[in-house]
Amino acid sequence: MDAVSEDLVLLPATRRALTHRIAVAQSEGRAPSVVAAVARGGEVRWEGTRTSVEGHGPDGNVQYRIGSISKTFTAVLVMRLRDEGLLQLDDPLEKHLPGTGVGEVTIAQLLSHTGGLAAETPGEWWERTPAAMRPELADVLGEDPFRWEPGRRHHYSNPGYTLLGSLVEEVRGRPWAEVLRAEVLEPLGLDRTTARPQAPHAGGWAVHPWADVMMPEPLEDLGLMAAAGQLWSTTRDLARFAMFLARGEERVLSAETVREMRTPAAPPDPASAELGYGLGVQLMDSSGRKLAGHTGSLPGFVAGLWVSEADDIAAVVLANCTSGLPAASVAADLLAIVADAEPRLPEPWKPFREADPVALELCGPWYWGTSAQVLRLMSDGLLELAPMGATGRAARFRAEPDGTWTGLTGYYAGETLRAVRRVDGSVSHLDLGSFVFTREPYDAQAPVPGGVDPQGWRGIG
(Lines give C-alpha, C1' and ligand atoms only; values in the text may rest on other atoms or scores of the structure.)
Protein backbone atom coordinates (compact mmCIF):
# COMPACT_ATOMS: atom_id res chain seq x y z
CA MET A 1 0.00 0.00 0.00
CA ASP A 2 1.47 3.36 -0.99
CA ALA A 3 1.68 6.41 1.25
CA VAL A 4 -1.35 8.12 -0.29
CA SER A 5 -3.53 5.05 0.31
CA GLU A 6 -2.36 4.80 3.91
CA ASP A 7 -3.46 8.37 4.52
CA LEU A 8 -6.95 7.44 3.34
CA VAL A 9 -7.37 4.46 5.67
CA LEU A 10 -9.39 5.62 8.68
CA LEU A 11 -7.80 5.28 12.11
CA PRO A 12 -9.25 2.74 14.60
CA ALA A 13 -10.50 5.52 16.89
CA THR A 14 -12.32 7.17 14.00
CA ARG A 15 -13.91 3.89 12.95
CA ARG A 16 -15.01 3.27 16.53
CA ALA A 17 -16.62 6.73 16.68
CA LEU A 18 -18.48 6.08 13.43
CA THR A 19 -19.77 2.73 14.70
CA HIS A 20 -20.84 4.33 17.97
CA ARG A 21 -22.81 7.01 16.13
CA ILE A 22 -24.90 4.58 14.09
CA ALA A 23 -25.34 2.31 17.13
CA VAL A 24 -26.86 5.22 19.05
CA ALA A 25 -28.96 6.15 16.03
CA GLN A 26 -30.35 2.64 15.59
CA SER A 27 -31.09 2.28 19.30
CA GLU A 28 -32.64 5.69 19.90
CA GLY A 29 -34.34 5.76 16.50
CA ARG A 30 -35.76 2.26 17.05
CA ALA A 31 -34.92 1.22 13.52
CA PRO A 32 -35.06 -2.45 12.50
CA SER A 33 -31.74 -1.88 10.74
CA VAL A 34 -29.41 0.86 9.67
CA VAL A 35 -26.51 0.67 7.26
CA ALA A 36 -23.99 3.43 6.60
CA ALA A 37 -20.88 4.19 4.59
CA VAL A 38 -18.23 6.90 4.44
CA ALA A 39 -16.20 7.60 1.31
CA ARG A 40 -13.01 9.58 0.99
CA GLY A 41 -10.70 10.10 -1.94
CA GLY A 42 -13.31 8.60 -4.22
CA GLU A 43 -13.48 5.25 -2.41
CA VAL A 44 -15.53 3.78 0.44
CA ARG A 45 -13.32 3.82 3.53
CA TRP A 46 -15.77 2.61 6.17
CA GLU A 47 -19.01 0.63 6.31
CA GLY A 48 -21.16 0.00 9.35
CA THR A 49 -24.41 -1.67 10.24
CA ARG A 50 -26.67 -2.17 13.25
CA THR A 51 -29.72 -4.40 13.32
CA SER A 52 -32.40 -5.71 15.63
CA VAL A 53 -31.84 -9.23 14.33
CA GLU A 54 -29.13 -10.89 16.41
CA GLY A 55 -26.28 -12.36 14.41
CA HIS A 56 -27.40 -10.87 11.11
CA GLY A 57 -26.91 -7.45 9.62
CA PRO A 58 -27.18 -5.88 6.18
CA ASP A 59 -24.05 -4.74 4.40
CA GLY A 60 -23.23 -2.19 1.73
CA ASN A 61 -24.71 -4.41 -0.97
CA VAL A 62 -28.25 -4.59 0.50
CA GLN A 63 -30.81 -2.38 -1.19
CA TYR A 64 -33.02 0.10 0.65
CA ARG A 65 -35.53 2.46 -0.87
CA ILE A 66 -34.00 5.94 -1.13
CA GLY A 67 -37.08 8.10 -1.76
CA SER A 68 -36.34 11.65 -2.83
CA ILE A 69 -32.65 11.05 -3.43
CA SER A 70 -34.14 9.81 -6.72
CA LYS A 71 -34.76 13.48 -7.55
CA THR A 72 -31.03 14.15 -7.76
CA PHE A 73 -30.67 11.32 -10.29
CA THR A 74 -33.51 12.86 -12.32
CA ALA A 75 -31.81 16.25 -12.16
CA VAL A 76 -28.62 14.71 -13.55
CA LEU A 77 -30.59 13.47 -16.58
CA VAL A 78 -32.05 16.94 -17.17
CA MET A 79 -28.63 18.57 -16.91
CA ARG A 80 -27.33 16.09 -19.50
CA LEU A 81 -30.05 17.26 -21.88
CA ARG A 82 -28.99 20.85 -21.24
CA ASP A 83 -25.31 20.09 -21.82
CA GLU A 84 -26.19 18.37 -25.10
CA GLY A 85 -28.01 21.49 -26.26
CA LEU A 86 -31.41 19.78 -26.39
CA LEU A 87 -32.93 22.31 -23.99
CA GLN A 88 -32.08 25.37 -21.90
CA LEU A 89 -32.78 25.76 -18.21
CA ASP A 90 -34.79 28.93 -18.80
CA ASP A 91 -36.99 27.21 -21.37
CA PRO A 92 -40.65 27.03 -20.35
CA LEU A 93 -41.79 23.46 -19.85
CA GLU A 94 -44.37 23.93 -22.63
CA LYS A 95 -41.61 24.18 -25.22
CA HIS A 96 -40.63 20.53 -24.71
CA LEU A 97 -43.60 18.98 -22.89
CA PRO A 98 -46.77 20.64 -24.16
CA GLY A 99 -50.25 20.26 -22.79
CA THR A 100 -49.55 20.04 -19.05
CA GLY A 101 -51.40 23.23 -18.14
CA VAL A 102 -48.38 24.50 -16.17
CA GLY A 103 -46.17 25.11 -19.17
CA GLU A 104 -45.09 28.63 -18.15
CA VAL A 105 -42.93 27.15 -15.40
CA THR A 106 -39.30 26.91 -16.49
CA ILE A 107 -37.09 23.84 -16.29
CA ALA A 108 -34.78 25.61 -13.83
CA GLN A 109 -37.74 26.41 -11.59
CA LEU A 110 -38.81 22.77 -11.57
CA LEU A 111 -35.26 21.66 -10.72
CA SER A 112 -34.99 24.13 -7.84
CA HIS A 113 -38.57 23.78 -6.54
CA THR A 114 -39.38 27.40 -7.34
CA GLY A 115 -42.14 26.69 -9.86
CA GLY A 116 -44.89 27.38 -7.31
CA LEU A 117 -46.43 23.91 -7.71
CA ALA A 118 -48.13 22.03 -4.88
CA ALA A 119 -45.97 19.88 -2.64
CA GLU A 120 -48.10 16.78 -3.18
CA THR A 121 -50.60 15.28 -5.59
CA PRO A 122 -54.35 15.74 -5.11
CA GLY A 123 -56.34 12.92 -3.58
CA GLU A 124 -55.00 10.15 -1.37
CA TRP A 125 -51.42 9.90 -0.14
CA TRP A 126 -49.54 8.94 -3.30
CA GLU A 127 -46.74 7.07 -1.54
CA ARG A 128 -49.17 4.48 -0.10
CA THR A 129 -51.64 4.10 -2.95
CA PRO A 130 -51.41 2.36 -6.35
CA ALA A 131 -49.95 4.28 -9.27
CA ALA A 132 -53.08 3.31 -11.25
CA MET A 133 -54.87 6.09 -9.35
CA ARG A 134 -52.66 8.62 -11.21
CA PRO A 135 -52.39 7.33 -14.79
CA GLU A 136 -51.96 10.78 -16.41
CA LEU A 137 -50.08 13.98 -15.57
CA ALA A 138 -53.46 15.65 -15.05
CA ASP A 139 -54.04 13.24 -12.16
CA VAL A 140 -50.67 14.20 -10.64
CA LEU A 141 -51.23 17.95 -10.99
CA GLY A 142 -54.96 18.22 -10.31
CA GLU A 143 -57.23 21.11 -11.17
CA ASP A 144 -55.36 23.63 -9.02
CA PRO A 145 -51.64 22.77 -9.31
CA PHE A 146 -50.19 26.12 -8.16
CA ARG A 147 -49.65 27.27 -4.61
CA TRP A 148 -47.40 30.22 -5.43
CA GLU A 149 -46.58 32.38 -8.42
CA PRO A 150 -43.70 30.72 -10.31
CA GLY A 151 -40.29 32.06 -9.37
CA ARG A 152 -41.38 33.78 -6.16
CA ARG A 153 -40.24 31.30 -3.52
CA HIS A 154 -38.89 27.82 -2.84
CA HIS A 155 -41.73 25.37 -2.29
CA TYR A 156 -40.78 21.70 -2.43
CA SER A 157 -42.84 19.88 -5.06
CA ASN A 158 -43.03 16.17 -5.79
CA PRO A 159 -45.29 16.74 -8.83
CA GLY A 160 -42.62 19.09 -10.18
CA TYR A 161 -40.16 16.21 -10.45
CA THR A 162 -42.81 14.02 -12.03
CA LEU A 163 -42.91 16.65 -14.78
CA LEU A 164 -39.12 16.49 -15.11
CA GLY A 165 -39.26 12.72 -15.45
CA SER A 166 -41.87 13.09 -18.18
CA LEU A 167 -39.70 15.74 -19.81
CA VAL A 168 -36.79 13.29 -19.98
CA GLU A 169 -39.04 10.67 -21.53
CA GLU A 170 -40.40 13.15 -24.08
CA VAL A 171 -36.98 14.37 -25.21
CA ARG A 172 -35.28 10.95 -25.18
CA GLY A 173 -38.24 8.96 -26.46
CA ARG A 174 -37.66 6.22 -23.87
CA PRO A 175 -38.88 5.45 -20.32
CA TRP A 176 -37.26 7.38 -17.46
CA ALA A 177 -35.84 4.26 -15.82
CA GLU A 178 -34.33 3.05 -19.08
CA VAL A 179 -32.66 6.40 -19.76
CA LEU A 180 -31.35 6.53 -16.19
CA ARG A 181 -29.84 3.07 -16.47
CA ALA A 182 -28.08 3.78 -19.77
CA GLU A 183 -26.90 7.33 -19.11
CA VAL A 184 -26.08 7.43 -15.38
CA LEU A 185 -26.17 4.11 -13.55
CA GLU A 186 -24.09 2.06 -15.97
CA PRO A 187 -21.42 4.70 -16.64
CA LEU A 188 -20.97 5.27 -12.90
CA GLY A 189 -20.96 1.55 -12.11
CA LEU A 190 -24.09 1.75 -9.94
CA ASP A 191 -25.28 -1.77 -10.70
CA ARG A 192 -27.18 -2.07 -7.41
CA THR A 193 -29.34 0.99 -8.02
CA THR A 194 -32.64 -0.01 -9.62
CA ALA A 195 -36.21 1.14 -10.11
CA ARG A 196 -37.56 -2.04 -8.55
CA PRO A 197 -36.07 -3.95 -5.61
CA GLN A 198 -33.57 -6.69 -6.35
CA ALA A 199 -32.40 -9.17 -3.74
CA PRO A 200 -30.86 -8.76 -1.31
CA HIS A 201 -33.06 -5.89 -0.17
CA ALA A 202 -34.54 -4.72 3.12
CA GLY A 203 -38.23 -4.73 3.92
CA GLY A 204 -39.88 -1.49 4.97
CA TRP A 205 -41.37 -1.24 8.46
CA ALA A 206 -43.50 1.09 10.54
CA VAL A 207 -42.47 1.08 14.21
CA HIS A 208 -45.21 1.88 16.71
CA PRO A 209 -44.49 5.24 18.36
CA TRP A 210 -45.38 4.06 21.88
CA ALA A 211 -44.63 0.34 21.82
CA ASP A 212 -41.75 -1.82 20.63
CA VAL A 213 -43.75 -3.52 17.89
CA MET A 214 -43.65 -3.22 14.11
CA MET A 215 -45.87 -3.52 11.08
CA PRO A 216 -44.80 -3.94 7.43
CA GLU A 217 -45.40 -0.98 5.15
CA PRO A 218 -47.02 -1.49 1.73
CA LEU A 219 -44.66 -1.48 -1.24
CA GLU A 220 -46.11 0.57 -4.08
CA ASP A 221 -44.74 1.17 -7.53
CA LEU A 222 -44.92 4.94 -8.04
CA GLY A 223 -45.76 4.98 -11.73
CA LEU A 224 -45.60 8.55 -13.05
CA MET A 225 -44.16 9.68 -9.70
CA ALA A 226 -41.10 7.45 -10.13
CA ALA A 227 -38.76 10.33 -10.99
CA ALA A 228 -39.57 11.87 -7.60
CA GLY A 229 -38.84 8.85 -5.39
CA GLN A 230 -38.85 5.40 -6.98
CA LEU A 231 -35.26 4.21 -6.67
CA TRP A 232 -33.70 1.49 -4.55
CA SER A 233 -29.98 1.59 -3.85
CA THR A 234 -27.16 0.60 -1.50
CA THR A 235 -24.71 2.55 0.61
CA ARG A 236 -21.85 1.53 -1.68
CA ASP A 237 -23.62 2.79 -4.79
CA LEU A 238 -24.77 5.99 -3.11
CA ALA A 239 -21.31 6.74 -1.73
CA ARG A 240 -19.99 6.49 -5.28
CA PHE A 241 -22.81 8.72 -6.52
CA ALA A 242 -22.07 11.26 -3.79
CA MET A 243 -18.45 11.53 -4.88
CA PHE A 244 -19.67 12.03 -8.46
CA LEU A 245 -21.71 15.00 -7.21
CA ALA A 246 -18.47 16.48 -5.88
CA ARG A 247 -16.13 15.68 -8.74
CA GLY A 248 -18.17 14.97 -11.83
CA GLU A 249 -17.49 12.24 -14.37
CA GLU A 250 -17.03 13.20 -18.01
CA ARG A 251 -19.10 10.25 -19.24
CA VAL A 252 -22.07 11.62 -17.32
CA LEU A 253 -21.60 15.27 -16.29
CA SER A 254 -18.53 17.48 -16.11
CA ALA A 255 -17.13 18.86 -12.87
CA GLU A 256 -18.35 22.28 -13.98
CA THR A 257 -21.94 21.08 -14.39
CA VAL A 258 -22.13 19.28 -11.03
CA ARG A 259 -20.69 22.44 -9.47
CA GLU A 260 -23.57 24.32 -11.09
CA MET A 261 -26.00 21.81 -9.57
CA ARG A 262 -24.50 22.49 -6.13
CA THR A 263 -24.84 26.26 -6.53
CA PRO A 264 -27.85 27.77 -4.71
CA ALA A 265 -30.71 28.36 -7.12
CA ALA A 266 -33.39 28.93 -4.49
CA PRO A 267 -33.20 30.95 -1.26
CA PRO A 268 -32.92 29.14 2.07
CA ASP A 269 -35.72 28.90 4.58
CA PRO A 270 -34.74 31.25 7.45
CA ALA A 271 -36.01 28.70 9.96
CA SER A 272 -33.74 25.88 8.77
CA ALA A 273 -30.05 25.07 8.53
CA GLU A 274 -30.36 24.70 4.79
CA LEU A 275 -28.29 27.02 2.62
CA GLY A 276 -30.92 26.81 -0.08
CA TYR A 277 -31.54 24.38 -2.89
CA GLY A 278 -29.49 23.93 -6.02
CA LEU A 279 -30.55 22.15 -9.19
CA GLY A 280 -31.78 18.86 -7.75
CA VAL A 281 -29.41 19.14 -4.79
CA GLN A 282 -30.12 20.13 -1.20
CA LEU A 283 -27.56 22.40 0.45
CA MET A 284 -26.93 22.51 4.20
CA ASP A 285 -24.68 24.17 6.74
CA SER A 286 -23.52 21.70 9.38
CA SER A 287 -21.44 23.41 12.07
CA GLY A 288 -19.93 25.72 9.47
CA ARG A 289 -19.28 22.92 6.99
CA LYS A 290 -21.04 23.27 3.61
CA LEU A 291 -22.74 20.06 2.55
CA ALA A 292 -24.54 19.08 -0.63
CA GLY A 293 -26.71 16.04 -1.22
CA HIS A 294 -30.28 15.00 -0.57
CA THR A 295 -32.56 13.34 1.93
CA GLY A 296 -35.18 10.74 1.18
CA SER A 297 -38.12 8.92 2.70
CA LEU A 298 -40.92 6.63 1.65
CA PRO A 299 -43.14 4.52 3.88
CA GLY A 300 -40.79 2.06 5.57
CA PHE A 301 -37.54 3.82 4.66
CA VAL A 302 -35.42 6.90 5.41
CA ALA A 303 -32.19 7.93 3.71
CA GLY A 304 -29.55 10.63 3.89
CA LEU A 305 -26.64 11.46 1.60
CA TRP A 306 -24.16 14.32 2.05
CA VAL A 307 -20.86 15.28 0.51
CA SER A 308 -18.36 17.94 1.57
CA GLU A 309 -16.30 18.98 -1.41
CA ALA A 310 -13.83 20.85 0.79
CA ASP A 311 -13.16 17.74 2.89
CA ASP A 312 -13.47 15.26 0.01
CA ILE A 313 -15.77 13.15 2.19
CA ALA A 314 -19.21 11.67 1.55
CA ALA A 315 -21.51 9.87 3.99
CA VAL A 316 -24.64 7.80 3.40
CA VAL A 317 -27.14 6.42 5.91
CA LEU A 318 -30.09 4.12 5.07
CA ALA A 319 -32.67 2.68 7.46
CA ASN A 320 -35.85 0.66 7.07
CA CYS A 321 -38.30 2.56 9.26
CA THR A 322 -40.92 5.12 8.32
CA SER A 323 -39.76 7.63 10.91
CA GLY A 324 -37.72 7.93 14.09
CA LEU A 325 -34.17 7.72 12.79
CA PRO A 326 -32.92 11.07 11.40
CA ALA A 327 -30.87 9.63 8.55
CA ALA A 328 -29.82 13.01 7.18
CA SER A 329 -28.53 14.23 10.55
CA VAL A 330 -26.69 10.99 11.19
CA ALA A 331 -25.04 11.15 7.76
CA ALA A 332 -23.88 14.70 8.49
CA ASP A 333 -22.51 13.53 11.84
CA LEU A 334 -20.56 10.69 10.23
CA LEU A 335 -19.02 13.09 7.75
CA ALA A 336 -18.05 15.50 10.53
CA ILE A 337 -16.50 12.72 12.64
CA VAL A 338 -14.06 11.90 9.86
CA ALA A 339 -13.40 15.49 8.82
CA ASP A 340 -12.70 16.62 12.39
CA ALA A 341 -10.70 13.60 13.53
CA GLU A 342 -8.65 13.24 10.35
CA PRO A 343 -8.47 16.58 8.52
CA ARG A 344 -7.77 16.42 4.84
CA LEU A 345 -4.11 16.72 3.93
CA PRO A 346 -3.55 19.61 1.54
CA GLU A 347 -2.08 18.85 -1.82
CA PRO A 348 1.69 19.44 -1.95
CA TRP A 349 2.61 22.86 -3.24
CA LYS A 350 4.15 22.67 -6.68
CA PRO A 351 5.47 25.47 -8.87
CA PHE A 352 4.34 26.02 -12.43
CA ARG A 353 6.20 24.19 -15.15
CA GLU A 354 5.52 27.13 -17.45
CA ALA A 355 3.53 30.10 -16.18
CA ASP A 356 1.51 32.35 -18.47
CA PRO A 357 3.74 35.44 -18.83
CA VAL A 358 0.76 37.77 -19.32
CA ALA A 359 -0.95 36.52 -16.17
CA LEU A 360 2.34 36.70 -14.29
CA GLU A 361 2.73 40.34 -15.33
CA LEU A 362 -0.60 41.16 -13.67
CA CYS A 363 0.23 39.59 -10.32
CA GLY A 364 0.70 41.70 -7.24
CA PRO A 365 -1.09 44.60 -5.55
CA TRP A 366 -3.85 46.61 -7.20
CA TYR A 367 -6.15 49.30 -5.86
CA TRP A 368 -9.83 49.84 -6.44
CA GLY A 369 -10.03 53.38 -5.23
CA THR A 370 -8.40 53.14 -1.82
CA SER A 371 -9.18 49.45 -1.32
CA ALA A 372 -6.02 47.34 -1.53
CA GLN A 373 -6.35 44.10 -3.50
CA VAL A 374 -3.88 41.45 -4.57
CA LEU A 375 -3.97 39.39 -7.75
CA ARG A 376 -2.32 35.96 -7.63
CA LEU A 377 -1.67 33.36 -10.30
CA MET A 378 -2.70 29.99 -8.91
CA SER A 379 -1.19 26.63 -9.79
CA ASP A 380 -4.40 25.64 -11.60
CA GLY A 381 -3.93 28.55 -14.00
CA LEU A 382 -6.67 30.69 -12.48
CA LEU A 383 -6.19 34.27 -11.37
CA GLU A 384 -7.36 34.97 -7.82
CA LEU A 385 -8.32 38.46 -6.71
CA ALA A 386 -8.54 38.94 -2.96
CA PRO A 387 -8.64 41.88 -0.53
CA MET A 388 -5.50 42.56 1.49
CA GLY A 389 -7.63 43.44 4.50
CA ALA A 390 -10.33 41.53 6.35
CA THR A 391 -13.18 42.57 4.07
CA GLY A 392 -13.64 42.95 0.37
CA ARG A 393 -14.69 41.09 -2.74
CA ALA A 394 -12.76 37.97 -3.69
CA ALA A 395 -13.07 36.03 -6.92
CA ARG A 396 -11.29 33.63 -9.23
CA PHE A 397 -10.95 34.11 -12.97
CA ARG A 398 -10.48 31.79 -15.92
CA ALA A 399 -8.36 32.78 -18.92
CA GLU A 400 -10.18 33.17 -22.23
CA PRO A 401 -8.72 32.82 -25.76
CA ASP A 402 -9.15 36.55 -26.44
CA GLY A 403 -6.80 37.49 -23.61
CA THR A 404 -9.48 38.39 -21.07
CA TRP A 405 -10.47 36.53 -17.92
CA THR A 406 -13.99 35.50 -16.82
CA GLY A 407 -15.06 35.57 -13.18
CA LEU A 408 -16.00 32.19 -11.74
CA THR A 409 -16.93 32.99 -8.14
CA GLY A 410 -18.24 35.69 -5.86
CA TYR A 411 -19.47 39.13 -6.85
CA TYR A 412 -17.55 39.07 -10.11
CA ALA A 413 -18.86 35.70 -11.35
CA GLY A 414 -19.52 36.01 -15.07
CA GLU A 415 -17.87 39.44 -15.28
CA THR A 416 -14.91 40.16 -17.57
CA LEU A 417 -11.47 41.17 -16.36
CA ARG A 418 -9.16 42.72 -18.94
CA ALA A 419 -5.82 44.43 -18.85
CA VAL A 420 -5.84 47.83 -20.57
CA ARG A 421 -2.47 48.74 -22.06
CA ARG A 422 -0.79 52.00 -22.97
CA VAL A 423 0.61 52.74 -26.41
CA ASP A 424 4.01 51.38 -25.32
CA GLY A 425 2.41 48.05 -24.32
CA SER A 426 2.68 48.49 -20.56
CA VAL A 427 -0.39 47.85 -18.41
CA SER A 428 -2.25 51.04 -17.54
CA HIS A 429 -4.97 49.48 -15.39
CA LEU A 430 -7.38 46.58 -15.03
CA ASP A 431 -10.99 46.92 -16.09
CA LEU A 432 -13.30 44.60 -14.17
CA GLY A 433 -16.94 45.08 -15.08
CA SER A 434 -16.26 48.87 -15.42
CA PHE A 435 -14.33 49.04 -12.14
CA VAL A 436 -10.82 50.44 -12.64
CA PHE A 437 -7.99 48.82 -10.69
CA THR A 438 -4.70 50.76 -10.63
CA ARG A 439 -1.19 50.07 -9.35
CA GLU A 440 -1.41 53.05 -6.98
CA PRO A 441 -4.48 54.37 -5.13
CA TYR A 442 -6.25 56.71 -7.59
CA ASP A 443 -3.33 56.61 -9.99
CA ALA A 444 -3.29 59.94 -11.86
CA GLN A 445 -1.77 58.19 -14.89
CA ALA A 446 -4.82 55.94 -15.30
CA PRO A 447 -8.32 56.92 -16.48
CA VAL A 448 -10.00 56.80 -13.07
CA PRO A 449 -13.75 57.47 -13.44
CA GLY A 450 -14.52 60.93 -12.11
CA GLY A 451 -10.88 61.98 -12.45
CA VAL A 452 -8.19 62.59 -9.86
CA ASP A 453 -7.79 65.89 -8.04
CA PRO A 454 -4.73 67.63 -9.57
CA GLN A 455 -3.41 68.60 -6.12
CA GLY A 456 -3.13 64.91 -5.23
CA TRP A 457 -2.97 63.50 -1.73
CA ARG A 458 -2.63 66.00 1.15
CA GLY A 459 -3.27 66.49 4.81
CA ILE A 460 -5.68 68.82 6.55
CA GLY A 461 -4.36 72.35 6.53
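The values are calculated or read from the model by the stated rules, or taken from the named source; none is laboratory data. Given the structure is predicted, the values throughout are model-derived calculations rather than measurements. A quick note on method: Cβ atoms are made from the backbone with ideal geometry, for glycine too, and the neighbour counts reach across all protein chains shown.
With in a loop (DSSP other than H, G, I, E, B), touching a residue at least 40 places away in the same chain (Cβ under 8 Å) and not polar (S, T, N, Q) as the only criterion, which of Leu86, Leu81 stands out?
Only one candidate qualifies: Leu86.
Among residues belonging to the range 94-117 that are touching an Asp or Glu at 6+ places or on another chain (Cβ under 8 Å) and hydrophobic (A, V, I, L, M, F, W, C), point out the one that is surrounded by the fewest Cβ atoms within 10 Å (Cβ to Cβ).
The selected residue is Ala108.
Can you name every residue in the range 348-377 that is more than 17 Å from Val420 (Cα to Cα) and assigned to a strand (DSSP E or B)?
Residues satisfying the conditions are Ser371, Ala372, Gln373, Val374, Arg376, Leu377.
Which pairs have Cβ atoms under 6 Å, sit 6 or more apart or on different chains, and link a residue in the range 420-444 that is within 23 Å of Leu408 (Cα to Cα) to one that is modelled with pLDDT of 95 or more and acidic (Asp, Glu)?
Note: pairs meeting the criteria are Val420/Asp431; Gly433/Glu415.
Restricting the range 256-273 to residues that are over 19 Å from Val330 (Cβ atoms), at pLDDT below 95 and of a type in the set (A, V, I, L, M, F, W, C), which is surrounded by the fewest Cβ atoms within 10 Å (Cβ to Cβ)?
By that ranking, first place goes to Ala271.
Condition check ((1) modelled with pLDDT of 95 or more; (2) touching a Phe, Trp or Tyr at 6+ places or on another chain (Cβ under 7 Å)) across all residues:
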| residue | (1), (2) |
| --- | --- |
| Leu275 | no, no |
| Ser287 | no, no |
| Gly293 | yes, yes |
| Trp306 | yes, no |
| Ala310 | no, no |
| Val316 | yes, no |
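What number of residues in the range 242-264 are touching a residue at least 12 places away in the same chain (Cβ under 8 Å) and under 11 Å from the mean Cα position of the chain (by Cα)? Step through it out loud before you land on a result.
First pass over the range 242-264, keeping only residues touching a residue at least 12 places away in the same chain (Cβ under 8 Å): 242-247, 249, 251-254, 257-258, 260-264.
Those still in the list that are under 11 Å from the mean Cα position of the chain (by Cα) too: 242-247, 257-258, 260-264.
Number of matching residues: 13.
Got a sec? Which helices (runs of 4 or more DSSP H) wholly within the range 198-273 have at least 1 residues that are within 21 Å of Ile313 (Cβ to Cβ)?
Result: 235-247, 255-261.
Condition first: of a type outside the set (A, V, I, L, M, F, W, C), under 24 Å from Tyr442 (Cβ atoms) and outside the structural domain of Arg45 (by TED's automatic domain parsing). Can you find one or more residues in the range 339-353 that meet it?
No; the residues of the range 339-353 include none that is of a type outside the set (A, V, I, L, M, F, W, C), under 24 Å from Tyr442 (Cβ atoms) and outside the structural domain of Arg45 (by TED's automatic domain parsing).
Tell me the strands (runs of 3 or more DSSP E) entirely within the range 278-345 that contain at least 3 residues that are within 17 Å of Glu47 (Cβ to Cβ) and touching a Ser or Thr at 6+ places or on another chain (Cβ under 9 Å).
Values: elements: 282-286, 289-298, 301-308, 313-319.
Fully inside the range 278-345 and qualifying: 301-308, 313-319.
Can you pull out every residue in the range 123-141 that is surrounded by fewer than 16 Cβ atoms within 10 Å (Cβ to Cβ), free of Cβ contacts under 8 Å to residues at least 60 places away in the same chain and of a type outside the set (Asp, Glu)? Let's see the steps before the verdict.
Applying the first criterion (surrounded by fewer than 16 Cβ atoms within 10 Å (Cβ to Cβ)) to the range 123-141 yields 123-125, 128-130, 132-133, 135-136, 138.
Now restrict to residues that are free of Cβ contacts under 8 Å to residues at least 60 places away in the same chain: 123-125, 133, 138.
Residues satisfying the conditions are Gly123, Trp125, Met133, Ala138.
Please work out which one of (1) modelled with pLDDT of 90 or more; (2) over 29 Å from the mean Cα position of the chain (by Cα) is the condition Arg396 fails and give its number.
For Arg396, the exception is condition (2).
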